[in-house]
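Just so you know, all these numbers are worked out from the coordinates, no wet-lab data involved. Here the structure is a predicted model, which is why all the values come from computation and not from measurement. Cβ placement follows ideal geometry from the backbone for every residue including glycine, while neighbour counts extend to all protein chains displayed.
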Amino acid sequence: MVKVSLLGANGGVGQPLSFLLKLSPYISKLALYDVTDSKGHKTDISHINTNVQVESYSDIKEALENAHLVIITAGIARKPGMSRDDLFKINGEILRKLCIDICQFCPNAIILIISNPINSMVPLFIECVKSQNLKFDFRKIMGITMLDIIRAETFLGDTLNEIKGGKFGNRQYDNSKMGELVTVVGGHSGKTIVPIVLDKSVIFRLGKKYDSFIKRVQFGGDEVVKAKNGKGSATFSMAFAGFKFIEEVLKSLHRNSSIDHGKYREYISAYVYLPVVKNGKKIQEELGNDQLEYFGVPIKLKNGYVEEVEYDFFEKLTSCERQMVATSVNELLDEIEKGKQFVKESRTVKL
């Protein structure tokens, strides 16, 4: 029996994500929480004929109690002209308050953070937990950066198909299988996002389109905001990416159960706290900076937590990819510090 609590269920990401979670065979109860009334949304998806029991809550305690997995999508969406720094000031306070509630009502839960800006929000959450003086397994806290990987796979497949047969030609490359050719490490905004082409022959095939491919992955979020004329950001694609990651976490919880979990990824990328995970120190050594405590890397899951991180891909980086990693590290150091400082400057209530 697995209870999943979705915080921010009425938002642009929360609504499509809750619909997808209702379809999961790994969830027994789905608790929807939002500061706005989510009863209508709950009633709507509860009519879907799956075995997931759906409840909506206006009381955060009831929503969180006995939760095995907490997904945080709460916060406002980014608008045109709004930097991720602007977004952070608002969403940071929302996340800080939710962190205190989680520490009080479900301190053993797995925490998956979707609320942006991820680069600062995950450090903020962990610093907030530390301020509560609780014994908390930080391997259970992850920032979901899966959308960057989904975009990289989609854009790579589309570009290779255009090169091969024209925009409307036969599709030789299957977008859903591009994970064998590309991954993404680093952070979750702009140049902190580092697409890594795993098969280096693909770079040759991309030719002059390589640079535009990289830029499109890094700034795919801006593309969506612009296309929506400033009236929204990535919601459906984020919900889909979030669901894909959440399913892997749930599969890891059920790996030794009678539930058929089907095929799962040995490694899946997430933004994690390096000091507490196996091989985290090796990642810091590869990055050449032991002060960098957070980075998005391929992780191996066990019972819902980060068992270890994978670092072998560093050996095969091109000079261009190494430069992108260096740029990512420099920007991440500032964004991580921003999250940590936010907690220090806030009036964090002790439990």
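Over the chain, what is the percentage of antiparallel beta bridges among all DSSP beta bridges, to the nearest 5? Walk me through the numbers on the way to the answer.
On the way: 17 of 39 bridges.
Close to 45 percent.
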Aspartates and glutamates near Lys282 by alpha-carbon distance under 17 Å, same-chain residues fewer than 8 away left out - which ones? Asp290, Glu293, Glu307, Glu308, Glu310, Asp312, Glu315
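Quick one: if the Förster radius is 41 Å, what FRET efficiency do Phe19 and Ile163 give, using the C-beta to C-beta distance and rounding to 0.05? Mind showing how you got there, number by number?
Numbers: r = 36 Å, r/R0 = 0.87.
That gives a FRET efficiency of 0.70.
As a check on your grasp of the helix formula, calculate [θ] at 222 nm for the chain: sum -39500 (n - 2.57) over DSSP H runs of n ≥ 4, divide by the residue count, round to the nearest 500.
On the way: 12 runs with 154 residues, N = 351.
Helix contribution divided over all residues of the chain: -14000 deg cm²/dmol.
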Rounded to the nearest 0.05, FRET efficiency between Glu93 and Asp137 (Cβ-Cβ, R0 30 Å) equals 0.75
Total lysine pairs whose alpha carbons fall under 21 Å of each other in the range 2-144 (8 or more apart, or interchain): 25
Between Gln291 and Ser346, what is the label-to-label distance in nm when each label sits 7 Å out along the Cα-to-Cβ direction? 2.4
Could you tell me which label, among [x] 23.0; [y] 21.8; [z] 20.6, carries the value of Kirkwood radius over Cα pairs in Å calculated for this structure? [z]
Of the range 273-300, those with amide N under 16 Å from the point 7 Å along the Cα→Cβ vector of Glu337 are 289-294
Fewest-first ordering of Asp101, Asp199 by Cβ atoms within 10 Å yields Asp199, Asp101
How far apart, in nanometres, would the label points at Glu65 and Lys130 be if each is projected 7 angstrom from Cα along the Cα-to-Cβ direction? 3.2
Please work through the chain and write down the cysteines that have no neighbouring cysteine Cβ at a distance under 4.7 Å. Cys103, Cys106, Cys320
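Would you mind ranking Cys99, Cys320 so that the residue whose beta carbon has the fewest other beta carbons within 10 Å leads the list? Could you put the intermediate results ahead of the total?
Details: Cys99 25, Cys320 13.
Exposure proxy ranking, most exposed first: Cys320, Cys99.
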Could you give the spread of the C-alpha atoms of the range 2-144 along their three principal axes, from largest to smallest, in whole angstroms? 40, 40, 24
Where in the chain are the DSSP H helices whose C-alpha atoms run 18 Å or more along the long axis and whose mean Kyte hydropathy is at least -0.5? 84-105, 118-131, 146-165, 236-253
Correct response: the longest run of the chain lacking exposed trypsin sites (Lys or Arg not before Pro), defined by DSSP loop and at most 10 other Cβ within 10 Å, is 1-134
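To the nearest 0.05, how large is the calculated FRET efficiency for Asn330 and Lys281 if R₀ is 25 Å and r is the Cβ-Cβ distance? Intermediate results must be reported in sequence, preceding the final value.
Values: r = 20 Å, r/R0 = 0.81.
According to the calculation, E is roughly 0.80.
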